[in-house]
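Just so it is clear, none of the values below were taken in a lab; they were calculated from the coordinates. Computed from a predicted model, the values in this text were never measured in an experiment. Cβ sites come from the backbone with ideal geometry, for glycine too, and all protein chains shown count toward neighbours.
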Amino acid sequence: MTPGDTRKEMGCEACHGPGSVHSKAGGGIDNVLNPARKPDTCYQCHTDKRGEFALPPKAGRGAGGCVAAGTLFPGRPGTPLDSPRARPSLRQMPAALTAPQRRRLVAAARRAAAAAYAPYSHFPVGAAVLMTDGRVFTGCNVENASFGLTNCAERTAVFSAVAAGSRRLRAVAVFTPTPTPTLPCGACRQVLHEFGPGTTVLSVCAGEGRVETTLAALLPHAFGPADL
């Protein structure tokens, strides 16, 4: 089975879209997936010895298994989607944020900026990440006299989430006390991609402007775990 040319590293449903299961009515593999089927069902076939997602499927579980009786091949599932071992770049794209979630993230990012350690740039940044388990983690930029050791707010927030055992990123809000919004730097985009390729990015500022976009738009054709 080969996903379409426009596939993105956001999980099986990003390639196989809402529609039917793998099998077509007349037989053969379809390029769409039933929305009722969660991506973790793919782990029934596509797991390696470590329990991580792998292509091609493990021995004896080829395309014929996927289309058998119009269902996925029966058997013991591999690593579930919510396992820390599940590869982030193969997870489902998160749903759109609700208004209360946006307000909560923005407020948390604004508060986090107040704790920034920025004696050299005088550019405090606050970030808040919403994980798929519903938890919110915050971070601020922490500068260093050795400038290359400075850590951005977005990465601080992500590292705090990972340290707390939460590894599935859904959205990030970034606040800067500037007239216009500031988007995450390239290094932060790469770190965000590691834990949530489909992440919603919300940038706000001291002014009225705001930018809401997706990480895929900010970091197209990204390098990730699936490339290794």
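Selection within the stretch 138-193: residues that are more than 22 Å from the chain's Cα centre (by Cα) and among the aliphatic types (A, V, I, L, M). The member of this set that is farthest from PRO100 (Cα to Cα) is ALA145. Within the stretch 192-217, the set of residues being among the β-branched types (Val, Ile, Thr) and either surrounded by fewer than 17 Cβ atoms within 10 Å (Cβ to Cβ) or part of a loop (DSSP other than H, G, I, E, B) (or both) comprises THR199, VAL211, THR213. Which ones in the stretch 131-160 are over 26 Å from PRO179 (Cβ atoms) and outside any helix (DSSP H, G or I)? If the condition is that a residue be over 26 Å from PRO179 (Cβ atoms) and outside any helix (DSSP H, G or I), then MET131, THR132, ASP133, GLY134, ARG135, VAL136, PHE137, ASN144, ALA145, SER146 are the ones that fit. Scoring ARG189 on the criteria (1) touching a helix residue (DSSP H, G or I) at 6+ places or on another chain (Cβ under 9 Å); (2) outside any loop (DSSP other than H, G, I, E, B); (3) within 15 Å of LEU105 (Cβ to Cβ) leaves a single failure, condition (3).
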